[in-house]
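Here the structure comes first, spelled out in structure tokens, and everything after it is commentary.
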Amino acid sequence: MGRYIGKRFLHSIFTLFIIATVTFILMNLMPGKPFTGEKPIPEEIRKNMEAKYGLDKPIHERYVIYMKNLLRGDLGMSMVHKHRSVGSIIKERFPISASLGLRALSFALIAGLFLGIIAAVNHGKTWDYVSMIIAVIGVSVPSFIIGGLLQYFVGVKLRLFPVTGWESFKHTVIPSFALGLGTLAVMARMMRTSMLDVLNQDYIKTAKAKGLPRRAVVWRHGIRNAILPVVTILGPLVAGITTGTFVVENIFAIPGLGQFLVSSVNQNDYTLIMGLTLFYSLILVTMNFIVDILYGIVDPRITLVERKE
Amino acid sequence: MSAIELEKFKPIGMDIEDSERITRPSLTYWQDAWRRLKMNKLAMVSLYVLIGIVIMAIIGPYLRPYTFDEQDYMEIFSPPSKDHWFGTDDLGRDLFVRVWMGARVSLRIGFFAALIDIVVGMIYGGISGYFGGRTDDIMMRIVDILYGIPYMIIVILLMILMEPGELTLIIAMSITGWVGTARLVRGQVLQLKNQEFVLAAKTLGASPWRIITKHMFPNILGIMIVQMTMDIPGAIFSEAFLSYIGLGIKLPNASWGSLASDGIKQVVERPWMLIFPAVMISLTMLSFNILGDGLRDALDPKLRN
Amino acid sequence: MKRGKKLITLLLATVLLASVAFTGCSDKGSASKLPTLKILTDDSDTAKRYAQAFQGMWQKELGIKVEIDSTTFKDRLQRTQEGDFQIVMAGWGPDYNDPMTFMDMWVTDGPFNEGGYANPEYDELIAKAKASPDNDERMDLMAQAEKILIEDMAIGPIYFRYRDYIKNPKLQGEVRRAFAPDPDFYWASIEDGDSITFNIGTEPPDMDPQTTTDTVSFQLLGHTFEGLTRLDQEGKAMPGMAKDWEVSDDGLEWTFNLRDDAKWSDGKPVTAHDFEYAWKRALDPELASQYAYILYYIENAEEYYNGEASVDDVGVEAVDDTTLKVRLALPAPFFDTLVAFGTFMPLNEEYHKSVGDKYASEADKMIYNGPFVMTTWDHDSKVVLKKNPDYWNADEIKLETIEGLMIKDANSALNEFLTGGLDIVGVRGDQKEQVKKEGYELLHYADGSSWYFLFNLEDEILANENIRKALTYSINRQAFVEKILQDDSKVGLGFVPPVMPGKSGSFREEVGDLFQDYDIKTAKKCLEKGIEELGLE
């Protein structure tokens, strides 16, 4: 086990290194330059700016410099937000995205599992259809439509919740709902499938045959076992939901990190692009890692030892 | 213990023929799946809805005397009427024609992105799972790396790097999209490769290519079809998202995503600009998802009854 | 019985077939012999919409096929600057209140001359105008130059932008204008209160006056800093840190007399040295300020920036604490309004040295000398400005608090206004209807920008004057403004916008229109001639 974790850790470092390299290359192929302003800058001024940020050096030299700084944990200064370091932007903004993401995820998890269980228990009957349709509607409407509609009708027309900002609990309700809908559907369907799978197992049939009440069968044997595969997709979902916050943050003017995902690329803010890519990669890699380990712990049938052929 | 009378029992004899008779009608896997799918009314409705949308995508633009890019400044923001069934947009273009032209673009993107995902995923996952060992290790390491890439940043980067257009969209979306499929296929292949029929084929000297294509793929085809019905709406959705952030197809072409993101800005005064494309997206998503669920149930032999 | 498989195959096959069959979209046949042209645009909704409108007009009126080449905003600017384009719709806003801010763009090899226009006659007129201290003569020379510019069709004018906005009826005295700060709340007040909220849109990327370039930062700096002068309601220079100033007869030597009661927000007096330090800092090649060029009117400024002169040669000198002497390279009658611009804001050397690199990174890493001070800078969320009690004219400032929110999405901003979260908000043309229904009165103002087609004169096809004329004349500006922009923008039939001053009134009105809008007849003739000249028959 220890050896496995060590090896996985090394792999993760390697993964991050490759991603950093690929992003660095792609980013530098991208058209545009960070200091191009609305008013054209005289040539000599631009040269000065580029020299200041080391952009006058050839790409391989810049790569080496970046990697060296990265090893020291220095992500550099943003090229657009002149006085902010990439590290501080991430540190300040990510907690808000994370909070939004977790709220959305909890909502999706609770509602999704509920719908999934209802559907599975009533397999093939009306309630199966009803809960699946509710779930699927969530995944059927793009979040910018849901967000825009909710903002106007619930915020402006009904005045139930604030329209923009991120200050009180009230501010968080619509954005979390809009962001969570997609995940809700994934959860619900995953739970349904997994639950159906479990309910068809022999031990469930045995339990039924023993005369255990239906509710006990579902609770004690069904849900507990069915929830396992759902837990395993939580990793990618957490990462997905935190990266998916762009639209919701934009509509509701929430000062999170998601907005930078698009603006950094649009503004050729090289250091910020690199910082964000690495940061989100780190989250993804860590999540996958944790899930694998958890899976091993939860399910004794899986051993975390290297297979020898 | 003598309450049972003897005459209540009589020998029925033993008919060899009879014992071999199959009581259930003989059905192939596909026939059986189809039979079960047919019983799922919702899935069937979805199937017909999708066929309807595809037919409209083909003939829709020819039903009206407008082209998708014909501007009419006297007709800007006209509500639905008998001249413009779905109304007009901010440049006075007919939305009925644009919605169905958009359907072609969106469906095409969805279909091809999903197709690439499936094909690449199946080949990659198949090879990795079948050969195992070192090959598997290296191939899965690559998959791990791709899994760690924040999808959105890369897609946006690629969209900016390449010429805007449908092909770019499809490539950008497939570049990491196949990874999930590859993992799924690998898992299935790992399970299958130790089963008797595969071992038998191996023993008889079948080539790996033959084993993978003839013995393994047919067994995972069902899962792949389900996967595809999930991938198509996923790609349509991604396209809508990219349209929202300003990256998408080449103008003045339309896609459902670009129409909907134009529409959401006008929702208060010109709701028709949002309603039609949004309903199309949702209907397609809904149908593919329900059909996918139905197919999964139908193709799963364990649920056979 | 394989109907199931068949039906699914059929479904997939239809999608596939449809895909293959419709990859080529139907094009209306056009008789134009011109190869397809490309119009470059950024990926904002409005820019893409305009490009499509022009594409449609050219196709319909002339049968010219134009492709839309859309890219990111940055890349559009970059490619324009590098000459990697054919046609692009560009806009230019004034830096100071004189037509020269528009006219000197197009001199041969000028830094902003992106189309590559070169006409010695034009250059001479501009040089003469720059050297002349006489206003009427300058205006005449610039009028002649503009005529040549349009005759050569170096650029194809489209429209002058006017914007709409709505406000809380209780808010009074806000000033909208073509220069930062816009809106200016210097004279603003609000009934039953003293605090207002408005939308600044985005995080100010750089609050350092000497290096910043964006409108959000200049907006906030305009409220929290004050230059030697500031702009009054009409856009004329009024006393700021300088209580008065004199100009020598040749228009080259300016003497500013600073008030002695002006203070920084940390209590230190604002002196002439703070201006000298700040201006020289802006020109320091090491700082690499993008707006350094705006100081080039000062003697030896450009030379210092380019390393051809030393810092001591720059024509700005603090004679004593309250006297600043400036020597200009050329007479600039508008120099008193120019020093109100953000880059000219003062900076206290001692304070600057004490905070070093952190200067302007947070609200408490700056000192202010304007009517307001920034007390909160909640990054990516909002800023709060509070009245500066030490400001010399504090008695005239009625607002206590100005809050600036950062809402990027225009619909969200309008929604925030409708629920009472903002006191003033800009309105897009297509939002007008809704706003009217909600019962708000639409207000308008000129933002001073002029929008035009920038042609790449080094392009094989667009080097032809007649082709450029055909493209320019065939645009229906009236319809574009009324139906597409749907705001109060004015048709552009010249380059300098109406808000720029002329001899006594507006330059544009004095000069008049330079060509006719929507002149299809001439456009067609020009097109034929152009095609002939290019040998495309």
Fill in: Search result, residues across the stretch B:144-178 that are open to solvent by 30 Å² or more (accessible area, probe 1.4 Å) and among the aliphatic types (A, V, I, L, M)
B:L146, B:L161, B:M162, B:L167, B:I171, B:I175
Worksheet, complete the sentence: Residues of the stretch A:150-162 being within 25 Å of B:L259 (Cβ to Cβ) and in contact with a helix residue (DSSP H, G or I) (Cβ under 8 Å, 6 or more places away or on another chain), in sequence order, are A:L150, A:Q151, A:Y152, A:V154, A:G155, A:V156
Worksheet item: Restricted to the stretch B:237-254, and to residues that are more than 19 Å from the chain's Cα centre (by Cα), not in a loop (DSSP other than H, G, I, E, B) and not hydrophobic (A, V, I, L, M, F, W, C), which residue is nearest to the other protein chains (Cβ to nearest Cβ)?
Response: B:Y244
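The rows are residues; the columns are (1) without any contact (Cβ under 8 Å) to a residue 24 or more places away in the chain; (2) within 11 Å of chain C (Cβ to nearest Cβ); (3) surrounded by 24 or more Cβ atoms within 10 Å (Cβ to Cβ); (4) touching a Lys or Arg at 6+ places or on another chain (Cβ under 8 Å).
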| site | (1), (2), (3), (4) |
| --- | --- |
| B:I109 | no, yes, yes, no |
| B:D117 | no, no, yes, no |
| B:G129 | no, no, yes, yes |
| B:R134 | yes, no, no, no |
Item to complete: Look at B:S78 and say whether it is under 30 Å from A:V247 (Cα atoms), within 14 Å of chain A (Cβ to nearest Cβ) and at pLDDT 90 or above.
Response: no
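Rundown of residues vs (1) more than 15 Å from the chain's Cα centre (by Cα); (2) among the hydroxyl-bearing types (S, T, Y), yes/no style:
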position	(1), (2)
A:G148	yes, no
A:Q151	yes, no
A:K157	yes, no
A:V163	yes, no
A:W166	yes, no
A:K170	yes, no
A:S176	no, yes
A:G182	no, no
A:M187	no, no
Item to complete: Mind listing whichever residues of the stretch C:463-514 are free of Cβ contacts under 8 Å to residues at least 60 places away in the same chain and in contact with a Ser or Thr (Cβ under 7 Å, 6 or more places away or on another chain)?
Response: C:Y473
Practice prompt. Mind counting the residues in the stretch C:226-247 that are open to solvent by 40 Å² or more (accessible area, probe 1.4 Å) and not hydrophobic (A, V, I, L, M, F, W, C)?
Written response: 7
Practice prompt. Could you list all residues from the stretch C:107-132 that are more than 16 Å from C:E82 (Cα to Cα) and open to solvent by 80 Å² or more (accessible area, probe 1.4 Å)?
Written response: C:P120, C:E121, C:E124, C:K128
Worksheet, complete the sentence: Subset of the stretch C:102-141, residues touching a residue at least 40 places away in the same chain (Cβ under 8 Å), within 27 Å of C:G342 (Cα to Cα) and in a helix (DSSP H, G or I), comes to C:F102, C:M103, C:W106, C:K130, C:A131, C:N135, C:R138, C:M139
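Could you tell me which residue of the stretch C:374-385 is nearest to the other protein chains (Cβ to nearest Cβ), considering only residues that are touching a strand residue (DSSP E or B) at 6+ places or on another chain (Cβ under 6 Å) and surrounded by 17 or more Cβ atoms within 10 Å (Cβ to Cβ)?
Ranking the qualifying residues of the stretch C:374-385, first place goes to C:K382.
May I ask you to say which residue of B:D117, B:D136 is at pLDDT 90 or above and within 18 Å of B:V185 (Cα to Cα)?
The unique qualifying residue is B:D117.
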Discussion item. Looking at the stretch B:225-236, can you tell me whether even one residue there is in a loop (DSSP other than H, G, I, E, B) and either in contact with a helix residue (DSSP H, G or I) (Cβ under 6 Å, 6 or more places away or on another chain) or at pLDDT below 85 (or both)?
Written reply: no
Response to the item:
Taking the stretch A:121-169 and keeping only residues that are in a helix (DSSP H, G or I), within 30 Å of A:G222 (Cα to Cα) and open to solvent by 60 Å² or more (accessible area, probe 1.4 Å), one is left with A:T126, A:W127, A:Y129, A:I134, A:I137
Item to complete: Scan the stretch C:430-440 and give yes if some residue there is surrounded by fewer than 19 Cβ atoms within 10 Å (Cβ to Cβ), away from chain A (no Cβ under 13 Å) and under 21 Å from the mean Cα position of the chain (by Cα), otherwise no.
Response: no
Worksheet item: Quick check: is even one residue across the stretch B:206-222 away from chain C (no Cβ under 14 Å), open to solvent by 10 Å² or more (accessible area, probe 1.4 Å), under 25 Å from B:I127 (Cβ atoms) and small (G, A, S)?
Response: yes
Discussion item. Looking at the stretch B:63-90, I want the residues that are on the phi < 0 side of the Ramachandran plot and have a partner that is open to solvent by 40 Å² or more (accessible area, probe 1.4 Å) and of a type in the set (D, E, K, R) with Cβ atoms under 6 Å, at least 6 apart or on another chain. Which pairs are those?
Written reply: B:Y73/C:K483; B:I76/C:K483; B:T88/B:E75
Worksheet item: For the stretch B:265-295, how many residues meet the condition of being closer than 21 Å to B:G92 by Cβ, without any contact (Cβ under 8 Å) to a residue 12 or more places away in the chain and either under 24 Å from the mean Cα position of the chain (by Cα) or assigned to a helix (DSSP H, G or I) (or both)?
Response: 1
Discussion item. Criterion first (crowded, with 22+ Cβ neighbours inside 10 Å and either within 19 Å of the chain's Cα centre (by Cα) or without any contact (Cβ under 8 Å) to a residue 12 or more places away in the chain (or both)) does C:T72 satisfy it?
Written reply: yes
Worksheet item: So, of the residues in the stretch B:31-74 that are at the interface with chain C (Cβ under 7 Å from one of its Cβ atoms) and under 13 Å from B:A103 (Cα atoms), which turns out to be surrounded by the fewest Cβ atoms within 10 Å (Cβ to Cβ)?
Response: B:I51
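Are any residues in the stretch C:343-371 out of contact with any Phe, Trp or Tyr (no Cβ under 8 Å at 6 or more places or on another chain) and either surrounded by fewer than 18 Cβ atoms within 10 Å (Cβ to Cβ) or within 17 Å of C:G227 (Cβ to Cβ) (or both), and if so, which ones?
Once the filter is applied, which keeps residues that are out of contact with any Phe, Trp or Tyr (no Cβ under 8 Å at 6 or more places or on another chain) and either surrounded by fewer than 18 Cβ atoms within 10 Å (Cβ to Cβ) or within 17 Å of C:G227 (Cβ to Cβ) (or both), the stretch C:343-371 yields C:E350, C:K353, C:S354, C:V355, C:G356, C:D357, C:K358, C:A360, C:D364.
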Discussion item. I want to confirm something. Restricting to the stretch B:179-197 and keeping residues that are basic (K, R) and open to solvent by less than 80 Å² (accessible area, probe 1.4 Å), which single residue is farthest from B:I123 (Cα to Cα)?
Written reply: B:K193
Worksheet, complete the sentence: All-but-one check, C:L422 against (1) closer than 22 Å to A:L150 by Cβ; (2) surrounded by fewer than 17 Cβ atoms within 10 Å (Cβ to Cβ); (3) in contact (Cβ under 8 Å) with a residue 24 or more places away in the chain, failing number (2)
Practice prompt. Find all pairs meeting these conditions: Cβ atoms under 8 angstrom apart; at least six residues apart or on different chains; first residue within the stretch C:288-309 and at positive phi; second residue crowded, with 20+ Cβ neighbours inside 10 Å and assigned to a helix (DSSP H, G or I).
Written response: C:A288/A:I45; C:A288/A:N48; C:A288/A:M49
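The values are calculated or read from the model by the stated rules, or taken from the named source; none is laboratory data. Because the structure is a prediction, the values reported are computed rather than measured. Virtual Cβ from ideal backbone geometry, glycine too; neighbours counted across all protein chains shown. Surface areas here come from the heavy atoms of the whole protein model, side chains and all, with no ligands, DNA or RNA. Shrake-Rupley method; radii C 1.70, N 1.55, O 1.52, S 1.80 Å.
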